[in-house]
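Below: the structure, in structure tokens.
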Amino acid sequence: MKIVKFGGSSLATGESVAQAIQIILSDPQRQVMVVSAPGKRNTTDIKVTDLLIKYADLALKHKNCVEIVNKIFSRYQEIGHYFGLADTELSIIKQILLELPNQGYPNEKYLLAAFKAHGERLNARLITLVLRHQGINSRFLDPAEAGLIVTGEPNDAIVNPESYLNLDQIKIKADERIVFPGFFGMTPSGNIATFSRGGSDITGAILARGFHADLYENFTDVNGIFAANPHIIEHPQSIKKMTYREMRELSYAGFSVFHDEALIPAIQGQIPINVKNTHDPSNPGTMIVPEKDFVPDNAITGVTSQKHFSALYLHKYLLNKEAGFTLRILQILYQHNIPYEHMPSGIEDYAIIMVVGEGMRQKHTISRQIIDSLGDHDISPQMINQGASQISIMIGTKKEKADEAVKIIYQKFFN
Ligand code: ASP
């Protein structure tokens, strides 16, 4: 069985929803569809999630919400009408939207989470209506009913492991399609809490593990994951296959096609992930697979950069004789809730370049080649760090040199 997640840009219009449905129906194994809220129809459009955030804000201030509700409802209505659904069938969506401010919430954060979550919750209901209208045996499955339990921050929740036991109990008939809303779960006390933004990817991965799927297909609007940022490199190659940990290293420093938190459930369940394009479904996309038996095609898999890092330079004699010094430094950062990739100094603005590839472990000359080719272009690394796993090298450069450094490394290894 396959879990198939569609992102917001893949579900923004009736036409794209029709394409998503066609993808689902073209493979009987594609039984579970995880949906995002309708995204942008064009570059100046607003995502339904962002409209819902506005709605929450107006509701909290007790302002008139008629206009915003109509705007949100019209997004669902437009999709419904595309499939010939009547307004009487769609009225339930408007009713739920109008009722949102009247539900009880423990505090404002939970109110915001519940409003946001309805982008996906209502879209899953709508898509179930559409499927049924087309005579397809389908069922809307809500996180509340499925027992997808989350804890932590209401707008940055984490999955509770109990969810996997609950999902294991769900029976899915051989001829039925499940439509599941992404992005949120229920707290043990029954409130809605969402994952961080873009978190429908996480729901897909949780279901893939919970339902013991053979594959987690993640449909977006690009042909998989590129080896470098297309804003820096013209027509970069797309990565055919990479390991979980390569993906993790790359997403630390800017690869954002797939949500980094969504890797964890997939790794725990050892479920391969296939990132694919809704508008070009026959393109194989990118496979993200376990490390075991992985044979790299190239020395490096991807190169990325992330700007606006500060470097904290501490100088102290006989530091090597003193135990616990770094621990104390990190404790200070911890007390101030500062992730230690972002050490404060403010003297200079750095960028980090991450070069990632399982293939680097076998080839001991890669780091030299990288440094040499940067040197040939007068870029001197301010910092170099190779992790013990030997699959990534982090190079710190001046911020203004970052894009050029990515280009040089990409040309060296991919052309
Ligand atoms: N709709 C949510 C967001 O815009 C979650 C998602 O799309 O994955 O962040």
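Computed from the coordinates by the stated procedures, all read-outs in this text should not be read as laboratory data. Because the structure is predicted, anything quoted here is derived from the model rather than measured. Because the Cβ atoms are built from the backbone with ideal geometry, glycine has one as well, and the counts that use them run over all protein chains shown.
Just to confirm the filter: which trypsin sites (Lys or Arg not before Pro) across the range 108-187 are DSSP coil and have at most 13 other Cβ within 10 angstrom of their Cβ?
When the trypsin sites (Lys or Arg not before Pro) of the range 108-187 are filtered for loop state and at most 13 Cβ neighbours within 10 Å, K171, K173 remain.
Please compare each pair in K61/K109; K47/K116; K5/K54 to a cut-off of 21 Å on the Cα-Cα distance and tell me which ones are over it.
K5/K54
Based on DSSP H runs of at least 4 residues, each adding -39500 (n - 2.57), what is the mean residue ellipticity at 222 nm of the chain after dividing by all its residues, to the nearest 500 deg cm²/dmol?
Calculated at 222 nm, the ellipticity per residue is -11500 deg cm²/dmol.
For L58, L374, which order do you get if you count the other beta carbons within 10 Å of each Cβ and list the fewest first?
The most exposed by this proxy come first: L58, L374.
Quick check: net charge around A144, other residues with Cβ under 15 Å of its Cβ, Lys/Arg +1 and Asp/Glu -1?
Value of the local net charge: -1.
Taking 7 Å along the Cα-to-C-beta vector as the label spot, tell me the H308-N283 distance in nanometres, rounded to one decimal.
2.9
Taking springs between alpha-carbon atoms closer than 10 angstrom, which of H118, H377, H81 fluctuates most in the Gaussian network model of the chain?
Maximum among the listed residues: H377.
Name the residue farthest towards the positive end of the dipole of the chain from the options H308, Q29, V295, assuming +1 on Cβ of Lys and Arg, -1 on Cβ of Asp and Glu, about the Cα centre.
Towards the positive end, the residue furthest out is H308.
List the relative contact order of the range 206-283 as a percent without decimals, with contacts defined as Cα pairs under 8 Å and 6+ residues apart.
50
For the range 30-70, state which trypsin sites (Lys or Arg not before Pro) are in a DSSP loop and have at most 13 other beta carbons lying within 10 Å of their beta carbon.
Listed in order of number, the matching sites are K61, K63.
Determine the distance separating the Cα centre of the range 133-211 from the Cα centre of the range 349-415; give it in Å without decimals.
That distance is 40 Å.
Figure the gain on full extension for Y317 and K71 (residue separation times 0.36 nm, minus the Cα-Cα span) and round it to one decimal in nm.
Contour length minus Cα-Cα distance gives 82.2 nm.
Estimate the FRET efficiency between R139 and S380 by the formula 1/(1 + (r/R0)^6), using the beta-carbon distance for r and 56 Å for R0, to the nearest 0.05.
0.40
Given an 8 Å cut-off on Cα distances and at least 6 residues of separation, report the relative contact order of the chain as a percent.
Computed value for the chain: 14 percent relative contact order.
Counting GluC sites (Glu not before Pro) as exposed when in a DSSP loop with at most 11 other beta carbons within 10 Å, what is the longest stretch of the chain free of them?
1-233
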